[in-house]
Amino acid sequence: MKILLLVLGLLMVEDKEVFKFDGGAEVRGKVVKETPDAVFVDLGYSVLEIQKKYIRERTPLTGEKGTGQAVKKAIFFTRDLPRAPIQDLTRRYGQAVILVKTPSGLGSGFIIDDEAGYAVTNFHVIEGETKISVTVFKQVGTEIRNVVIKDVKIMAISPFFDLALLKIEEAKKRDLKKVYLGNSETLSRGDRVFAIGNPLGLSRSVTEGIVSTRFREQQGKVVIQTTAAINPGNSGGPLFNDRGEVIGVTSSKLMGVGIEGIGFAIPVNYVIDFLVNREAFTYDKDNPVSGVRYFEPPRKKKLPGKSKG
């Protein structure tokens, strides 16, 4: 009987903890089982067995809190959030991720202002289109309900940074959820990240990975390279850090036979500049901004050559 009670007790452990290892790596999650030699940690997408002999430091995570309240800046919000398992963060912020649909295709996006109805996506998702709808995924009890909203306007676009600002009309009646924007300058190689989007139309898909580098040059811009799986339909969706803050906008991936785990995201700091200066990127369907045309520089005149003697 004592042995049976001990086993049941081990299975019921659910404390959130952080485990640190030599070299700076760490794991965070719920401890679902513990034995004399190992702990089993729920990461949200799988359960990891960790041998205790490799753990350098172990501290409780339960009760860890952010240090500030939500702060509104322009038309987006920031907040000092605590680290948490991906499973919890997905449940908390997944409803702010939307499916963006046009007559030519679909992509993803995310709501940055729930009351005004502002949302961000990629420019290439809505390029050349004016008829746009979004699908919001609402949690009702244990069910997810798909709510299609057809009254969506394009407010601003930046073809160079591949960003677009949308506005969902009558947002206050929609009971929308929002995300918080972070700071992509604080990212380091190896940081855990995850993406939520609609790859190939598979709504609310979650993929997890790490930051490969935040200094990858791509067509004149610096982008974040990540191992989180990104596929067509993910474009315009959020890339989150392990606090649930948006630190990038998923935009593209490297294609080719045998190539996996090389995706790219637009740093959120570019997004913030775009939102703060949105008036410079205002979209007008009757007078669209087509960009700047640069004239060729004048050519240097050839000097007359010397005649040969």
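The values are calculated or read from the model by the stated rules, or taken from the named source; none is laboratory data. No experiment lies behind these values; they were computed from the predicted model shown. So basically every Cβ, Gly included, is an ideal-geometry build from the backbone, and we count neighbours across all protein chains shown.
Taking the criterion of being of a type in the set (D, E, K, R) and in a strand (DSSP E or B), would at least one residue in the stretch 164-176 satisfy it?
Yes, the stretch 164-176 has at least one match.
Search the stretch 256-287 for residues being at pLDDT below 90 and exposed (fewer than 10 other Cβ atoms within 10 Å of the Cβ), and hand back the single one that is nearest to Ser158 (Cα to Cα).
By that ranking, first place goes to Asp284.
Condition check: loosely packed, with under 13 Cβ neighbours inside 10 Å and of a type in the set (Ser, Thr, Tyr). Does Ser104 satisfy that?
Yes.
Just for strands (runs of 3 or more DSSP E) wholly inside the stretch 15-102: which have at least 1 residues that are within 30 Å of Ile154 (Cβ to Cβ) and modelled with pLDDT of 90 or more?
Of the strands (runs of 3 or more DSSP E) lying wholly inside the stretch 15-102, those with at least 1 residues that are within 30 Å of Ile154 (Cβ to Cβ) and modelled with pLDDT of 90 or more span 71-73, 76-78, 97-102.
Tell me which residues, restricted to the stretch 230-262, are in contact with a strand residue (DSSP E or B) (Cβ under 6 Å, 6 or more places away or on another chain), under 26 Å from Pro82 (Cβ atoms) and of a type in the set (Gly, Ala, Ser).
Answer for the stretch 230-262, where residues must be in contact with a strand residue (DSSP E or B) (Cβ under 6 Å, 6 or more places away or on another chain), under 26 Å from Pro82 (Cβ atoms) and of a type in the set (Gly, Ala, Ser): Gly237, Gly248.
If you scan the stretch 91-115, which residues turn out to be hydroxyl-bearing (Ser, Thr, Tyr) and farther than 24 Å from Lys73 by Cα?
If the condition is that a residue be hydroxyl-bearing (Ser, Thr, Tyr) and farther than 24 Å from Lys73 by Cα, then Thr102, Ser104 are the ones that fit.
Name the residue, out of Glu185, Glu208, Glu217, that is in contact (Cβ under 8 Å) with a residue 12 or more places away in the chain, in a strand (DSSP E or B) and among the acidic types (Asp, Glu).
Only one candidate qualifies: Glu208.
In the stretch 190-205, what count of residues is obtained for those that are in contact (Cβ under 8 Å) with a residue 40 or more places away in the chain, in a strand (DSSP E or B) and closer than 19 Å to Val134 by Cβ?
Here the count works out to 3.
Could you count how many residues in the stretch 195-232 are in contact with a helix residue (DSSP H, G or I) (Cβ under 7 Å, 6 or more places away or on another chain) and surrounded by fewer than 23 Cβ atoms within 10 Å (Cβ to Cβ)?
7
Hey, any hits in the stretch 185-193 for a residue that's crowded, with 16+ Cβ neighbours inside 10 Å, within 21 Å of Arg79 (Cα to Cα) and of a type in the set (A, V, I, L, M, F, W, C)?
Within the stretch 185-193, one or more residues are crowded, with 16+ Cβ neighbours inside 10 Å, within 21 Å of Arg79 (Cα to Cα) and of a type in the set (A, V, I, L, M, F, W, C).
Restricting to the stretch 221-236, count the residues that are β-branched (Val, Ile, Thr), assigned to a loop (DSSP other than H, G, I, E, B) and within 17 Å of Ser108 (Cβ to Cβ).
Qualifying residue count for the region: 1.
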